[in-house]
Every structure is written in C-alpha cells, then in structure tokens.
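The structure appears right after this line, and notes come after that.
The values are calculated or read from the model by the stated rules, or taken from the named source; none is laboratory data. Keep in mind that what you see is a predicted model, and the values were worked out from it rather than measured. All Cβ positions, even for glycine, are placed from backbone atoms using ideal geometry, and neighbour counts span all protein chains on display.
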C-alpha cells in the first residue's frame, strides 16, 4: 500500500499555521521564546508555514520606544535566535520586527526558513488616524532607497513586491503584507496574487473595538475570494499595552472566501490555529476564471515588479498525515440546517422563476408532466405547482399523467395518484402496456410471444412510449412537456436517449443532482408547503427505493415483497458517492486520486464529519475499496459512454456553482472521447 496516498501533501494540500503568542512590551527575549514555542508546535503538526503578529518581536504598542537603540538591538538578537532555531524546523516562519535600514525605521515582516532569512517585507501603508500614529515612528515602504539589505550577515531582498516559493510544493507561493495594507482600496496582495501567490499572509496587530471582528472577517473573506487565494490573518493578543487600546488576538484562515479556521478571541495564553489549504483548487479556479489572466495582463507592470525567492523544506511525507479539514459528504447540500434551508429556498425559486419565464415567453399556460411516484417527477411537479401559483393560473393547468407499465409497483402507483391529488393538478392515468405490446409485436420481440426476455429493447420501449405520449398530449392540449431527469442521471447516462426520459420541452431538474433533489423534497415536506397530507406523501416518496421499474420481478427469486427487481444504485453505485465524484470532477477537474482521497476523508468513518438532517438513517460509511470501485463506474460512464446524451439536452436552468452539463453552459466535451487517462490514474489508487 502506498502510504503517501494518505498524506495531505500528496494531493496538493498544504498545512499552514497562524499564531498569536502572549507578549511583553519591549521584551524581545520573552516574545521570541513564545513565538518559537508556537512555531515548534506548528512544525510538529506538519505545517510548512507559521505566521505571527505585526511587530511581534518587540510588541506593537511600544510607541516611541521604537526609537531606542537598546530595543532595536534586542530585536536583532531575538531575530538571530529565530533564524538559528529555523535550521531544525521544517517550516517557514514569518515574524514582525522593527528594523533600521540606512537610518530609516521600517515596520517589517521577516521571512525565515532553514537557517536563512529569505526576505524582508516593509509595511506599505502606515495608518495615521484615530488611535494610530505609525508615521511618528516608521517610514512606509516607498521611502526605502534600497531593494537589498544586509541583515544578520545575510544579504536579502527588501521591499513589498516579493513572493516566496516552496520548491517541493510548486503551487505553494506566498506573499506577505502588514495590517493596514489589506484595509486600503487596492491591497498589495492583489498584485501578488496576479503575480502567482496562492497564499497571502497578513501580519497584523489590530486593536479591538466593537464590531471590528466581524469587519475583519468580511475583509479577509472578500480578499481571499477576489484573489482566488488563501489568506492568513494574524493579530496581537494578550500582553500588548492597554494604555488606550485593547487586543483580542483574533486569527483567521480563509480560502477563496471560505472560512477554514479561526481562533477564539481574548484568550489568556499563546495560541495557534492550523488549516489545510487546497492549493490545487486555487490553481484550477484561476485557470478556469479567464478574467484572472486578463487582470494579469492589465497589470503587467505591477506583476513584473515582483521578485521571487525559492526555498526547500523537508516535508513530512514519510508518514500518514490525515487531512485536518472538513470535507462535506454532500457537496451540493450544506450540512448546516440554516444554510441548507437557504439553499433549498434559492434553488426552488431559481427553478420556479426559470419555468415561469419559459411559459411566458412561449405563450403557453399549460404544462404536461409524467408522474412516476418517484423522487424526480415529484420535485418537478412541485416546481410546476409553484410556477402556476405565481402566474396566477390554476393548478389544473398542470396536466399530470401517471403511466403504469409492466413493472410499475403498487406503491409508486399509489404515491403518484396521491401526489397529483394533493397538488391539485389535472390527474390522468394511461396504461401503456397495450401500446408497448403492439410495438414489441411490430419489432418481433420475444416478449410479444409470451417469453420472459427483459432486454434493453423491452425497457426502452416503455420509456419511449411514455415520452411519446407526453409529447403528443402536449400538442393536443397546447402545452409544453416538463422534463424530470436530474443532473446525476445525466452525468451517469442513466436516461433513455432521444425518445425517452432524456427529452422534454423544458427540464427544470437539469442541473439539480439527486442528493439535492431529495433534500428539496424533504424541505417542502418539513415546511408543509402542500399541507400535512401532502407532506405525508412526500415522506413516502423519499422512503421509496430508487428504481426505473422497467423489469418485472420474478417469482421464486427470493426478493422480499415490495422490493423492485431493478434497484438503480445496484447498477450505477450509490448516488451519495456518485454526486460527490461528480462535484469534484465537474467543478474542479480533480484527478481520480484526489477525488478518491477526498471521498475517503469524508466517508470512511460514519461518525466523522457533518451529516445533513434527513440523510440516510444508516449513516453509511465507505472504505477505499468501495470508493475506488464506484469512482471507476463514474469515470467510465461519465467520460466514455454518456457524453452523446449530454450533447443535445433540453433547455433548463443552472442552479448552482457545482456546475451543469448543458453544452450551452458549463460542459462542452466530444461525444467520442476516451476514458483511458482517467482509468489509468484510477488503477494507481490503493485498494485499502
């Protein structure tokens, strides 16, 4: 077994740390020891970068003490200790220090690794308003007369336009700015991101006042999102002078707008937070967002001004290093109840608004929809009902048809009937078996002669008859056919092409995956949007095993009563795993190895990680062998066998940033592609 598979660095993650050491004002010896204590903790936990607060070696609140030679020399002595200690620590350390350069004092960040000073970054913007008087003691970076300095006997780069690159983690490139630099309209880190920095570091002191904590979150979140980067924010805490200010030691780590870690505020001791940054996610998003490259071109002069310093670290690759990051099992469905309700409300409204517009623009006031008693058609019917309500039209304008065939169960038939009744649509029932038998006779199929041959022709005759009826009914009633097939089925090719459930006039479920549809239906039930009786019916639908119901069960097979002969997930794998695979393949283009690694992190322990309310009561777990097997099913069907069905899908609204498979939207691919490279990578994933 390749143990590196279970090491986060093998999948383009990097562990980073932000520390807030307890400090003493004008006591560098104490501050250095507290800083090194946290740096050692970060190294022990596998981090490659640890960032500490602004002016942390001296303390931020020294005021005019910064002009005392004794303090400045003590800071240099402390910095020398950090440089020496870094020889034994396999991570980069970024500390804040006041440094005198050519008779001018600068507020600096010093980057240290492997016994070397990699560079010194002076603060670009000095606040001199409110409680801040930094211009009294310091000069801004623009005032520097040199771009190289000698510090502790080492000649190093000096200036704000620097990027530090970790050689053995090629995507790990970080930039450092200091406190106020991120509060200005165009922070230096914006240009650093365009120059290639994927990790942005801010050494801050930042005193606390009412409301400031929330604003820091907004500021850091937006900068990380706008720059498609990770952003590490430090802040001074206990020990700074409280003559006129107070300090909360707030530390934050964001990645592209998502909060990965935050410290507790107002702690009484030194503290450290860590997070695992997904560097590949950032890189692929920059590649996908073509306007990022346009911005690089627009700011070519600023980008060209950056100097790049490369260094290497001894990474902890010789051991399993589990990911310390929450990977949601259902990437399309937020685990948090409040966010999930918000997501369901928004998705539902997007679908309803899209259908409403299509009806208005086409001049139709009626829709035709097939109701199977299963999940997808149930949700599509709910969307139709809400659209009619908003248009001020009666729900009787929904012409709903349930069409039992050779394998339709009594359970789903009853659910279809009950659902149409509680919704208040115009309900019809058409037995398609006679027309199917006629077609099978025309084809010379053995079933028409009384033989039990349930091949793909037998199945698709039923699917085709249903769709043919719906289209002709739409012609007859001057209506449009509403599609019910979902994103998951389209990804796996689990739909009958052309004259089957693949086709409609408008498909409201086109970009909604199966796992999200189940939560949308549950949300409608929980909020009693169609009454208590309707909620009861919806719960029954949710509890029904997913099946195409195209092949009748055989007596004496040992199948329990009521269980369908065909169980969809027996053929294509569990939807909860396949939706996971779809999200990370479609949204990010991750390799099979990384998708499998993320799935393992999310699913191998049933008790780990968030689980949305209403999820499987069994709380499933999947080992690596099951993950690999089902990922193989997904990759083969997605890349090799199903694209021709996606190349001509009906119109339908995109609902989320997880992507759609419409050739007019997120996904354009050749119908005759090979899956060779994906399957080859799959084979290199360990089985256990």
Inset, instruction - Determine which single condition residue 297 fails, assuming it passes every other condition in (1) loosely packed, with under 13 Cβ neighbours inside 10 Å; (2) under 17 Å from the mean Cα position of the chain (by Cα). - result: (2)
Inset, instruction - Report yes if some residue within segment 411-425 is in contact with a strand residue (DSSP E or B) (Cβ under 6 Å, 6 or more places away or on another chain), buried (at least 18 other Cβ atoms within 10 Å of the Cβ) and either modelled with pLDDT under 95 or part of a helix (DSSP H, G or I) (or both); otherwise report no. - result: yes
Legend entry - residue 185 vs. criteria in the same structural domain as residue 18 (by TED's automatic domain parsing), assigned to a loop (DSSP other than H, G, I, E, B) and out of contact with any helix residue (DSSP H, G or I) (no Cβ under 7 Å at 6 or more places or on another chain): yes
Inset, instruction - Would you confirm whether any residue within segment 32-47 is over 37 Å from the mean Cα position of the chain (by Cα) and at pLDDT 95 or above? - result: yes
Legend entry - Test set (1) crowded, with 24+ Cβ neighbours inside 10 Å; (2) closer than 21 Å to residue 101 by Cβ - residue 39 fails condition number: (2)
Legend entry - Segments classed as helices (runs of 4 or more DSSP H), wholly inside segment 468-578, with at least 2 members that are surrounded by fewer than 22 Cβ atoms within 10 Å (Cβ to Cβ): 514-526, 531-542, 568-572
Inset, instruction - Determine which member of the set 241, 206, 251, 235 is under 22 Å from residue 112 (Cβ atoms), over 23 Å from the mean Cα position of the chain (by Cα) and touching a residue at least 40 places away in the same chain (Cβ under 8 Å). - result: 235
Legend entry - Filter result for the condition that a residue is within 28 Å of residue 193 (Cα to Cα) and at pLDDT below 95, over 325, 340: 325
Inset, instruction - Determine the pairs where a residue that is not assigned by TED's automatic domain parsing to the domain that holds residue 357, located within segment 644-663, has a partner that is assigned to a loop (DSSP other than H, G, I, E, B) and buried (at least 16 other Cβ atoms within 10 Å of the Cβ) with Cβ atoms under 8 Å apart, the partner being 6 or more residues away or on another chain. - result: none
Inset, instruction - Return yes or no: is residue 370 buried (at least 23 other Cβ atoms within 10 Å of the Cβ) and over 30 Å from residue 599 (Cα atoms)? - result: yes
Inset, instruction - Inspect segment 351-371 for any residue being outside the structural domain of residue 406 (by TED's automatic domain parsing), touching a residue at least 24 places away in the same chain (Cβ under 8 Å), farther than 30 Å from residue 158 by Cβ and not in a helix (DSSP H, G or I) and give the result as yes or no. - result: no
Inset, instruction - Looking only at segment 331-343, decide whether some residue is closer than 30 Å to residue 158 by Cα and part of a loop (DSSP other than H, G, I, E, B). - result: no
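Quick grid of which residues meet (1) within 19 Å of residue 31 (Cβ to Cβ); (2) surrounded by fewer than 15 Cβ atoms within 10 Å (Cβ to Cβ); (3) at pLDDT 95 or above:
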position: 219; (1), (2), (3): no, no, yes
position: 227; (1), (2), (3): no, no, yes
position: 235; (1), (2), (3): yes, no, no
position: 260; (1), (2), (3): no, no, yes
position: 265; (1), (2), (3): no, no, no
Inset, instruction - Among the residues of segment 129-142, write down those that are at pLDDT 95 or above and under 42 Å from the mean Cα position of the chain (by Cα). - result: 138, 139, 140, 141, 142
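Can you confirm whether segment 162-170 contains a residue that is in a strand (DSSP E or B) and more than 27 Å from residue 315 (Cα to Cα)?
no
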